[in-house]
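Report on the following structure.
The values are calculated or read from the model by the stated rules, or taken from the named source; none is laboratory data. The structure displayed is predicted, hence computed values, not measured ones. Ideal geometry is used to build each Cβ from the backbone, glycine not excepted, and the neighbour counts take in all protein chains shown. The accessibility values were calculated without ligands, DNA or RNA, using every heavy atom of the protein model including side chains. Shrake-Rupley method; radii C 1.70, N 1.55, O 1.52, S 1.80 Å.
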Number of protein chains: 2
Amino acid sequence: MTTSKTPSERRTHLVRLAGDLFAEQGFRATTVRQIADAAGILSGSLYHHFDSKESIGDEILSAFLEDVLAGYRAAVAESDDPRAAIERIVRSSTATLDRHRAALTMLQRDWNYFSGQPRFAYLRTAMKEIEQTWIDLLERGRETGVFRADLDARLTYRLLRDILWLPTSWASSKSWTTDQIVDGLLRLLFDGIKSA
Amino acid sequence: MTTSKTPSERRTHLVRLAGDLFAEQGFRATTVRQIADAAGILSGSLYHHFDSKESIGDEILSAFLEDVLAGYRAAVAESDDPRAAIERIVRSSTATLDRHRAALTMLQRDWNYFSGQPRFAYLRTAMKEIEQTWIDLLERGRETGVFRADLDARLTYRLLRDILWLPTSWASSKSWTTDQIVDGLLRLLFDGIKSA
DNA sequence: GGGCGCCGACCGAACGCTTGCTTGGTACAC
DNA sequence: GTGTACCAAGCAAGCGTTCGGTCGGCGCCC
């Protein structure tokens, strides 16, 4: 019953509590007092562990992007053809997004807020790498005849990336398992993309 | 150069100015002072035209939902088969969403805020009608063999509705015309849905 | 092994600022 | 001289953040 009393692991616990709130309400819509309430302390006491609310967001966002970029790089490196790479990306992304629900909600709802600040410049950098990966794969697949010749890589990328990020925000609605969603997604995806 | 001085049409102008800001930033993230600045007046003067910030949001949201529901009803009533109805819905929706960018951003970013208030109960009602329309069409299409037999109507609806609402939030990025987007969308859609 | 000093974790109370909204007044129109 | 459209000023509430102080527990010294 007694909770762990690890020294600076309590900080991690606070980040997770904050993340739960961010995932439900977004970053700006969540107040430090709500976070403190969830932890059972006063809002001012949060600043013993973090120097600002933004630092909490920073920790969540950067961890997420490292994770997702690692997945993308592995998918590209360890796949032979574009179609296999895309399937790998979709499957790894779905798992990653599930572990970082808070980060995704923050990117969707508070992108304007974060992307403007120099501190979060790495957001734009990471998004550019993601975009470039998709476009490379789609164009490579088009050139080798795996995908339709009239495919607009940039338009398709925007659709796919956002589509991939949609189901995560459906909360834990329990209606479908992650596997169900990703299978339905892949089905909707490839049967519309491949040439034959 | 002199602007129109119509009596209570100035109110409509204010709603549009507010809508532009809501479309960019969302409802909660937009302040009444920003709206007033855009109109060239002081924030307090807004309350000569509206009794609250929420009233402005109400006007925008209810107008949008009336418009979109009318489109759905017409599409269903004037189409013979489910596939034609869906195509009509997609095309009419795209046009409607383009006219109501602000409402869509508000629903996406501030859904939690609005859906909790009794005043905006009509939001849930309208969403339910939209959902039922989609599910009826998808299941009817599945029964008549137009769509795959293993189609999960509810899951497909959630995907499609959100996908349909995505491109509107891509701001006026000018990269693609509305027609380009809707064609790409329909292509991605039917080639993944139809049985053959 | 009993007292000492320190330190992390937290409280209580406030700070400065922004939020949506109110109030009292004024200038101009018809 | 009544009404519309606005200004100037300000309110209470809420925001993120700061700061002095408290308290229990650990190491250390004699």
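The number of residues in the range B:25-79 being within 8 Å of DNA strand C (Cβ to nearest atom) and among the charged types (D, E, K, R) comes to 5.
Being more than 16 Å from DNA strand D (Cβ to nearest atom), within 14 Å of another protein chain (Cβ to nearest Cβ), of a type in the set (S, T, N, Q) and surrounded by fewer than 19 Cβ atoms within 10 Å (Cβ to Cβ) is true of B:Q25. Among the residues of the range B:44-57, those that are open to solvent by 30 Å² or more (accessible area, probe 1.4 Å) and either within 12 Å of DNA strand D (Cβ to nearest atom) or of a type in the set (D, E) (or both) comprise B:G44, B:S45, B:Y47, B:H48, B:H49, B:D51, B:E54. Restricting attention to the range A:146-160, the residues that are within 10 Å of another protein chain (Cβ to nearest Cβ) and either open to solvent by 20 Å² or more (accessible area, probe 1.4 Å) or of a type in the set (S, T, N, Q) (or both) total 6. Here B:E66 does not fit the description of being within 14 Å of chain A (Cβ to nearest Cβ), assigned to a helix (DSSP H, G or I), open to solvent by 70 Å² or more (accessible area, probe 1.4 Å) and within 28 Å of B:D179 (Cβ to Cβ).
Inclusion of B:R83 among residues that are of a type outside the set (G, A, S) and either in contact with a Lys or Arg (Cβ under 7 Å, 6 or more places away or on another chain) or modelled with pLDDT under 90 (or both) is warranted. The residue pairs whose first member lies in the range A:108-121 and is closer than 21 Å to A:I163 by Cβ and facing chain B (nearest Cβ under 9 Å), whose second member is of a type outside the set (G, A, S) and open to solvent by less than 40 Å² (accessible area, probe 1.4 Å), and whose beta carbons are closer than 6 Å, counting only pairs six or more residues apart or on different chains, are A:D110/A:F27.
Taking the range B:107-157 as the range and being of a type in the set (D, E, K, R), within 15 Å of the chain's Cα centre (by Cα) and part of a helix (DSSP H, G or I) as the test, the residues that pass are B:R109, B:R124, B:K128, B:E129, B:E131. The residues of the range B:119-145 that are open to solvent by 40 Å² or more (accessible area, probe 1.4 Å), at pLDDT 95 or above and farther than 16 Å from B:V76 by Cα, listed by number, are B:R119, B:A121, B:Y122, B:R124, B:T125.
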